[in-house]
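**Q** Here it is, the structure, as structure tokens.
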Amino acid sequence: MFSVIIPTADSERPLVPTLAALVPGATAGLVREVIVTDAQSRDQTGEVADIAGCRFSTSSKPLGTRLTEAAQAARGDWLMFLRPGSVPGPAWVDETLAFLEQAGRRDEPKAAVFQPDAPSILALLGRALQRSASPRQGLMIAKAFYLELGGHSAGDATEVALLRRIGRRRIVTLRTPITQTYL
């Protein structure tokens, strides 16, 4: 189902809790593979990914290019983008399965993000003003829809640019919170 894509750069420590949080999804058959796309780390990021059974690639290319290349190579019909250190809450598997069932009943492609954990005043204000989701919330999107949008852009703020292209009306915010263990 999902190919999880995690961009890293000297992310050995924050990668561990993120990968651990994905284990329930793998055992439920929700996570098909994890792809770690690295920016030539000098720490043990590659070894952590290898021990966890992830596909690992390293490149000096810009973040957007690395993310798009990983998505194109992904085997899953759905993509989940997570930052290292992001840990979805315990109910993420059940809620993600429910989202997929809902998305399968509608013609319009959709995407989903996790609820920010302990939202700040700015996040609450942003939601009240119907601002876009944040890359820290992760992103789940149908691979076909992602490719139709052209993937991540090569410029700065590539994750924010993708969320804007998707549009807030096509993004569902799940109730499951996502915690940032490393900022």
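**Q** For the range 96-108, give me the residue count where each residue is part of a helix (DSSP H, G or I) and more than 20 Å from T181 (Cβ to Cβ).
**A** Looking only at that region, the number is 8.
**Q** Tell me the residue from A74, A28, A111, A70 that is over 17 Å from the mean Cα position of the chain (by Cα), farther than 19 Å from T179 by Cα and in contact (Cβ under 8 Å) with a residue 60 or more places away in the chain, please.
**A** A28
**Q** Within the range 3-40, can you find the residues that are among the small types (G, A, S) and open to solvent by 30 Å² or more (accessible area, probe 1.4 Å)?
**A** Passing the criteria: A9, A20, A26, A28, G29, A39.
**Q** Of all residues in the range 32-48, which are out of contact with any Cys (no Cβ under 9 Å at 6 or more places or on another chain) and without any contact (Cβ under 8 Å) to a residue 40 or more places away in the chain?
**A** T37, D38, A39, Q40, S41, R42, D43, Q44, T45, G46, E47
**Q** If you take the residues in the range 45-61 that are open to solvent by 60 Å² or more (accessible area, probe 1.4 Å) and not small (G, A, S), which one is farthest from P84 (Cα to Cα)?
**A** My answer is K61.
The values are calculated or read from the model by the stated rules, or taken from the named source; none is laboratory data. Keep in mind it's a predicted model, so treat the numbers as computed, not measured. Methodologically, a virtual Cβ is constructed for each residue, glycine included, from the backbone with ideal geometry; neighbour enumeration extends over all protein chains shown. Note: accessible area is taken over every heavy atom of the protein model, side chains too, but ligands, DNA and RNA are not part of it. Shrake-Rupley method; radii C 1.70, N 1.55, O 1.52, S 1.80 Å.
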